[in-house]
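Below you'll find the structure, written out as structure tokens, and then a few comments.
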Amino acid sequence: MRSFWSAAEIMGLLLILTFWAAGCGRTEPVQKNVMVMDTVVTLTASGEKANDAVEESIKRLKEIDEMASAKGEHSDLKKLAAAAGNGAWISLHPEVFHMLAVSQEYSRLSDGAWDVTTGPLVELWGIGTEQAKVPTAEELAKAKAKVGWQKLELNPETQCARLREAGMSLDLGGIAKGFAADEVKKIYEKYGVKNGLINLGSSSLYALGKNAKGESWRVGIRHPRSEDKDSRLAVVALSDGALSTSGDYERFFERDGVRYHHILDPRTGRPADNGAVSDTIVAEGSLPDAGMISDLLTTTVFVLGPEAGRDFLEKLPPAVRGMVCDHKLRLWTAHGFQECLQQVQQDFILAK
Ligand code: ADP
Ligand code: MG
């Protein structure tokens, strides 16, 4: 019997072990950052075709940015606004049509707290731009008169839309990132990526499977009133679903001690002032359009305010859970969301 292995045998064994580890998919996850949709997007993916999945996703995000914003000369939104009030139907990309169809459903459910026809108000306030200002009462009344989801007409048969009055325009800023997260998730699935994180500027995320440690992804929710951007309200574990957060700290300006932020209440025409400072919503991956729904719901629930927002969420299927943080840092949770919260910071308490 011999007690030593030859160098060739050891090399052979090492080779076998290397192939075995590769076969188990123990490759480093791919991670790329890209500036798109006015935010820093971080895409993380594992698996053999992770790199292809991430590259295709980046291309797709750029396409969605063009399609869902009014930036492009030939964008659907530009065409709709240009034809507003003249009766003509505008043919839309099927994706834009889908966003609008889902959007209209939630406008109806929320009685107009969610409304993509807020374009004239978004433009008027200019929050997040160099032209941000507090409008006069007259300007506000004029812009508000152009807002109303019932004045956006959709024809599912022809995939066309029209805006009933001149001066109307659409803004997809509260839904496009969620839609984009759903699209990237589909690309990940196409390439067999089972574990990955799609992070669109931390306000809209989609998690698939587990992180590199084999655990659920852990998403930090920003403390809405801390100067320190890294300070957390809590951490949420996520393994298959979309998570969105909206807050009055994202884009705002201050005038005479008042904070004017980017989430507008279509009923007043002004930044929503119903007691919410931030809200977070998780939609399970089993829901179609989970990313889009979690994104649009954070805006909706923020507008409704803590208690009404929580009650609104309670009426939706339990696959949608969430919380609203009010200005006293009380957390109004729906469908048992408090159970999803870890490491809740001591500044926060659960609302009764
Ligand atoms: P972000 O994630 O970029 O911070 P949110 O998801 O919180 O944005 O959505 C806010 C954006 O939605 C605004 O910048 C504006 O474009 C749009 N918006 C504001 N108020 C409403 C509303 N009541 N209904 C629909 N869209 C809105
Ligand atoms: Mg949103």
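For region 260-272, putting each phi into the Karplus relation 6.51 cos²θ - 1.76 cosθ + 1.60 with θ = phi - 60° gives couplings of 9, 10, 8, 9, 9, 8, x, 7, 10, x, 10, x, 4 Hz, in residue order, rounded to whole numbers and with x for Gly and Pro.
Using the Cβ-Cβ distance between K229 and E157 with R0 set to 30 Å, the FRET efficiency from 1/(1 + (r/R0)^6) comes to roughly 0.05. Per residue, the Cα convex hull of the chain amounts to 180 Å³. The orientation-averaged shadow of the Cα convex hull for region 121-205, equal to a quarter of the hull surface, comes to 8.5 nm².
Distant-in-sequence amide contacts of E165, defined by a placed amide H-H separation under 5 Å and a gap of 5 or more residues or a different chain, comprise G85.
For the chain, the share of DSSP beta bridges that are antiparallel, to the nearest 5, is 95%. Could you work out which residue, out of T136, T39, T299, moves most in a Gaussian network model of the chain, that is, has the largest mean-square fluctuation with Cα springs under 10 Å? The residue with the greatest mean-square fluctuation here is T136.
Taken about its Cα centre, region 68-163 carries a charge dipole of about 200 debye when Lys and Arg each add +1 at the Cβ and Asp and Glu each add -1 at the Cβ. Name the residue, out of K213, K133, K186, whose mean-square fluctuation peaks in a Gaussian network model built on the chain with Cα pairs under 10 Å. Top of the fluctuation ranking is K213. Listed values for region 173-180 are Karplus-derived 3J(HN,Hα) couplings in whole Hz (6.51 cos²θ - 1.76 cosθ + 1.60, θ = phi - 60°), namely x, x, 9, 5, 5, x, 4, 4, and x replaces Gly and Pro.
Setting aside same-chain residues fewer than 8 positions from K151, which aspartates and glutamates have a Cα under 15 Å from its Cα? Within the straight-line limit of under 15 Å, K151 reaches these aspartates and glutamates: E105, D111, D115, E165, D171.
Note that region 78-92 has calculated 3J(HN,Hα) couplings of 4, 5, 4, 5, 5, 8, 4, x, 8, x, 6, 8, 10, 7, 10 Hz, one per residue in order, obtained from phi through the Karplus relation 6.51 cos²θ - 1.76 cosθ + 1.60 (θ = phi - 60°); glycine and proline are x.
All of the numbers you see were taken from the coordinates with simple rules; none came from a lab. Keep in mind it's a predicted model, so treat the numbers as computed, not measured. Don't worry about glycine lacking a Cβ; one is built from the backbone with ideal geometry, like all the others, and counts go over all protein chains shown.
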